[in-house]
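A.B. asks: This is the structure, below, for whatever I ask next.
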Amino acid sequence: MLSLTDYLRLLPKAELHCHFVSVMRLTTLRELATAHDVLLKTDDLDALLDYDGLPDFLDVFNAAHNVLTTGDEIARVAYEGVHDAVRDGNLRYREYFVNPDNFTSLGFEYPSLIDAMTDGLTQAKRDFGVGFRIVAAINRSLPPATAVEMVRTVIAHPRDAVVGIGQDDLTPELTEDPLRFREAYALAERHGLRRSAHAGETMNASAQNVVDAVEVLNVDRVDHGYRVVDDAVALEKVAASGVAFTCTPHSTDMLSSWQFTPDHRIAQMIRAGLPVTFATDDAVFFKTDIGKEYTVALPAMGFGGAEGARIARAGFEAAWCNDDEKHELLGEVDGAIAALNAAWKGDEAR
Ligand SMILES: [Zn+2]
């Protein structure tokens, strides 16, 4: 008989909000940092992951880029990240945010960065059957013109794996300010790229940021989006749009100290019927994994197996792979959920 924890862990998962370097094993980070003389703020790997707010975390996140010096190292990190997520939470598909501007200064031009990631992820797909796509992330700490230039680079070097744009980092003022990047989003839309934006996450964010992302940037998905529940009118607008949300429970605990309770904003989003999916955001650096997002956060927020299965399925529904691949993945997922339901004696999956 399966426990609820096992049921939630074994659900097939699509993760749509995963910043690439954050799948790096800590042992690999330390090994590469030593090999390339990159100074980490401490050698104590536990202490390395204690942050004083989002900007402090971003310092570590940026340092993790600096240990990557060759395409083979990038491919290795990509491969190991899939291996770990299959073990931890039955990952079946993942989309990776990668920020090309962070890699340019390390000597990787955009095509070589994407091709190295694709090498590692293709090998992992052969070994573990996990599908993938890549999403080019706008570095919000850089000027809007740099974002436009990044989108131009993506358009100039088409790759099958790269399907859209998203974001990372924060503006220099530590705000989200989605409208700052509207030109980059319009350009991406004109060229058929899918679009997501980080909105409604931080202390300085508001429900209006989420509405702006949906209505002005015309995003296909919102990353985070939590503050939308603070305003009933905004919530209604966004719900009517049908836009899906990639919610990352452990990051809200890590960065905002939000407890996993039925009052958590993500729980409110689920109860409001928004298409919520679960992801890790920065798995290793937030001491989480795709399994824990379900097994720890969901029950504490008052949800059971049926919601877990719905949320897991929503991840595949909101994926940016092509229709054939999505259809195939959903077929596998539905078969796996039916088998898990049959094996689980709990009431909630009935
Ligand atoms: Zn994120």
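The values are calculated or read from the model by the stated rules, or taken from the named source; none is laboratory data. In this text the structure is predicted, and so the values were computed from the model without any measurement. Ideal geometry is used to build each Cβ from the backbone, glycine not excepted, and the neighbour counts take in all protein chains shown. Side chains included, ligands, DNA and RNA excluded: accessible areas come from the protein's heavy atoms. Shrake-Rupley method; radii C 1.70, N 1.55, O 1.52, S 1.80 Å.
A.B. asks: List the strands (runs of 3 or more DSSP E) that sit entirely inside segment 74-187 and contain at least 1 residues that are charged (D, E, K, R) and at pLDDT 95 or above.
C.D. replies: Numbers: elements: 91-98, 131-139, 162-168.
In segment 74-187, 91-98, 131-139 are the strands (runs of 3 or more DSSP E) which contain 1 or more residues that are charged (D, E, K, R) and at pLDDT 95 or above.
A.B. asks: Going by what's in this entry, would Y7 be described as modelled with pLDDT of 90 or more, crowded, with 16+ Cβ neighbours inside 10 Å, touching a helix residue (DSSP H, G or I) at 6+ places or on another chain (Cβ under 8 Å) and more than 24 Å from Q123 (Cβ to Cβ)? Even if it seems obvious, please write down each step before you answer.
C.D. replies: Values: modelled with pLDDT of 90 or more: yes; crowded, with 16+ Cβ neighbours inside 10 Å: yes; touching a helix residue (DSSP H, G or I) at 6+ places or on another chain (Cβ under 8 Å): yes; more than 24 Å from Q123 (Cβ to Cβ): yes.
For Y7, the condition - modelled with pLDDT of 90 or more, crowded, with 16+ Cβ neighbours inside 10 Å, touching a helix residue (DSSP H, G or I) at 6+ places or on another chain (Cβ under 8 Å) and more than 24 Å from Q123 (Cβ to Cβ) - is met.
A.B. asks: Name the single residue that is farthest from A314 (Cα to Cα) among those in segment 229-246 being within 16 Å of the ligand (Cβ to nearest atom) and either more than 18 Å from the chain's Cα centre (by Cα) or touching a residue at least 60 places away in the same chain (Cβ under 8 Å) (or both).
C.D. replies: Ranking the candidates gives T246 first.
A.B. asks: Moving on. Scan V276, V222 and give me the residue that is within 16 Å of the ligand (Cβ to nearest atom) and crowded, with 23+ Cβ neighbours inside 10 Å. Show your work before the answer.
C.D. replies: Values: V276 fails: crowded, with 23+ Cβ neighbours inside 10 Å.
Answer to the check: V222.
A.B. asks: Could you list, in sequence order, the residues of segment 189-215 that are of a type in the set (S, T, Y), touching a helix residue (DSSP H, G or I) at 6+ places or on another chain (Cβ under 7 Å) and within 16 Å of the ligand (Cβ to nearest atom)? Give the derivation first.
C.D. replies: Pass one, segment 189-215, residues of a type in the set (S, T, Y): 196, 202, 206.
With touching a helix residue (DSSP H, G or I) at 6+ places or on another chain (Cβ under 7 Å) added as a condition, the list becomes 202, 206.
Within segment 189-215, T202 is the sole residue that qualifies.
A.B. asks: Any chance segment 191-205 includes a residue that's open to solvent by 10 Å² or more (accessible area, probe 1.4 Å) and β-branched (V, I, T)?
C.D. replies: The answer is yes, given that some residue of segment 191-205 is open to solvent by 10 Å² or more (accessible area, probe 1.4 Å) and β-branched (V, I, T).
A.B. asks: Scan segment 28-45 for residues that are open to solvent by less than 50 Å² (accessible area, probe 1.4 Å) and part of a helix (DSSP H, G or I) and jot them down.
C.D. replies: Here is the first cut: in segment 28-45, the residues open to solvent by less than 50 Å² (accessible area, probe 1.4 Å) are 28-29, 32-33, 38, 40, 42, 45.
Correct list: T28, L29, L32, A33, L45.
A.B. asks: All but one of (1) open to solvent by less than 50 Å² (accessible area, probe 1.4 Å); (2) away from the ligand (no atom under 16 Å from the Cβ); (3) touching a helix residue (DSSP H, G or I) at 6+ places or on another chain (Cβ under 6 Å); (4) not β-branched (V, I, T) hold for R25; which doesn't?
C.D. replies: Of everything listed in (1) open to solvent by less than 50 Å² (accessible area, probe 1.4 Å); (2) away from the ligand (no atom under 16 Å from the Cβ); (3) touching a helix residue (DSSP H, G or I) at 6+ places or on another chain (Cβ under 6 Å); (4) not β-branched (V, I, T), R25 misses just condition (1).
A.B. asks: Got a sec? Which of D289, D263, D231, D281 is open to solvent by 10 Å² or more (accessible area, probe 1.4 Å) and under 18 Å from E15 (Cβ atoms)? Can you show your working first?
C.D. replies: Values: D263 fails: under 18 Å from E15 (Cβ atoms); D231 fails: under 18 Å from E15 (Cβ atoms); D281 fails: open to solvent by 10 Å² or more (accessible area, probe 1.4 Å).
One residue alone meets the criteria, D289.
A.B. asks: Whether any residue in segment 285-293 is within 30 Å of L48 (Cα to Cα), of a type in the set (A, V, I, L, M) and either at pLDDT 95 or above or assigned to a helix (DSSP H, G or I) (or both) is what I want to check.
C.D. replies: Taking segment 285-293 first, the residues within 30 Å of L48 (Cα to Cα) are 285-293.
Next, from what is left, pick out any that are of a type in the set (A, V, I, L, M): 290.
Okay, now just the ones that are also either at pLDDT 95 or above or assigned to a helix (DSSP H, G or I) (or both), so 290.
The answer is yes; a qualifying residue exists.
A.B. asks: Report the residue count in segment 249-260 for those that are farther than 22 Å from V23 by Cβ and either within 16 Å of the ligand (Cβ to nearest atom) or surrounded by fewer than 17 Cβ atoms within 10 Å (Cβ to Cβ) (or both).
C.D. replies: Filtering segment 249-260 down to residues farther than 22 Å from V23 by Cβ leaves 256-260.
Now drop any that are not either within 16 Å of the ligand (Cβ to nearest atom) or surrounded by fewer than 17 Cβ atoms within 10 Å (Cβ to Cβ) (or both), which leaves 256-259.
Here the count works out to 4.
A.B. asks: Considering each of Y93, Y110 in turn, give the residue that is among the hydroxyl-bearing types (S, T, Y), more than 21 Å from L26 (Cβ to Cβ), touching a residue at least 40 places away in the same chain (Cβ under 8 Å) and buried (at least 22 other Cβ atoms within 10 Å of the Cβ).
C.D. replies: Details: Y110 fails: buried (at least 22 other Cβ atoms within 10 Å of the Cβ).
The conditions single out Y93.
A.B. asks: Answer yes if at least one residue in segment 137-155 is open to solvent by 40 Å² or more (accessible area, probe 1.4 Å) and of a type in the set (D, E, K, R), and no otherwise.
C.D. replies: Yes: one or more hits.
A.B. asks: Right, here's the next one. Only residues that are away from the ligand (no atom under 16 Å from the Cβ) and either buried (at least 20 other Cβ atoms within 10 Å of the Cβ) or among the β-branched types (V, I, T) (or both): list them for segment 55-78, please.
C.D. replies: The answer is V67, L68, T69, T70, I74, A75, R76, V77, A78.
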